[in-house]
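Just so it is clear, none of the values below were taken in a lab; they were calculated from the coordinates. Computed from a predicted model, the values in this text were never measured in an experiment. FYI the Cβ positions are ideal-geometry reconstructions off the backbone, even for glycines, and counts take in every protein chain you see.
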Amino acid sequence: MLTLSSFSCEAGYRESCHRQHSRADFRKVARRRAQKPYHHGDLRSALLDAAVALIGEHGLAQLSLRECARRAGVSHAAPYRHFADKATLLLAIAAEGFSRLTAAGLAAMEGLTHPRDRIDAYGVAYVRFAFEHPVHFRVMFTGELGEPTMEAQRCADAAFDLLIDSAAAVVGADAATLAGVAFWSIPHGLAMLILDGRLPPEHAGSADAAAALARAVIGMWRGPLGRVDDEEAKATARDT
């Protein structure tokens, strides 16, 4: 017979079991949450990869820290360990992009000694980078970026300094900035035409094709940087 006392004992037993199971479940959840942020070994990189994939699939407007966390397999709060908001995440993508662009430029210039060959190689690498990393490239130059972080500014400056230093080796320090910007407009404009689908696929349907097109276009350009040994051209660039 079920009596009040036996009911109380059974209820107490159930409550005790419930507490034990609850504590056990809580410990399991706590362990999972503690382990989750480090599941990838590098949470920051995992979130950046997730963000780049998300932008590539759905556009910049659909980017959210919550969705990046879901894709990275971490808790919704985990991204805030590294990014205060969407704006700082975008700046981190831009910083990563500029860093990779600089590395690509340096790699392309390696072994080249002639100043014109070096800056041409940077231009070709610029277009190849844009083709291979379209999300990074668009984020790097989007008008939606806010005040740059120190990291983003440092990475952008490094890429630009490589351009200006390369131009200086061709036309001299006095005209380097103007000449560098003039040269920059060629690969940048070509990269945007490719990414926007404005060129026939047969001319820019692969990274190699895009690079070959860039090489041809840059080779046809005959500004001050194209006439390395033309002192009159250098003087014109300096006086402009």
Shape of region 84-240 from its Cα gyration tensor (a ≥ b ≥ c, root eigenvalues): rounded if a/c is under 1.5, otherwise prolate when a/b > b/c, or oblate? oblate
Please give the peptides 174-181, 116-123, 81-88 ranked by average Cβ packing (other Cβ atoms within 10 Å per residue), highest first, as a rough proxy for protection. 116-123, 174-181, 81-88
For G146, the net charge from surrounding residues (Cβ-Cβ under 14 Å; K, R +1; D, E -1) works out to -3
Do any GluC sites (Glu not before Pro) in region 122-179 lie in a DSSP loop with no more than 15 other beta carbon atoms within 10 Å, and if so, which? E144
Return the sequence-ordered ³J(HN,Hα) values of region 61-68 in whole Hz as given by the Karplus equation 6.51 cos²θ - 1.76 cosθ + 1.60 applied to θ = phi - 60°, using x for Gly and Pro. 5, 8, 5, 8, 5, 4, 5, 4
Give me the mean projected area, in nm² to one decimal, of the convex hull enclosing the Cα positions of region 41-80. 2.4 nm²
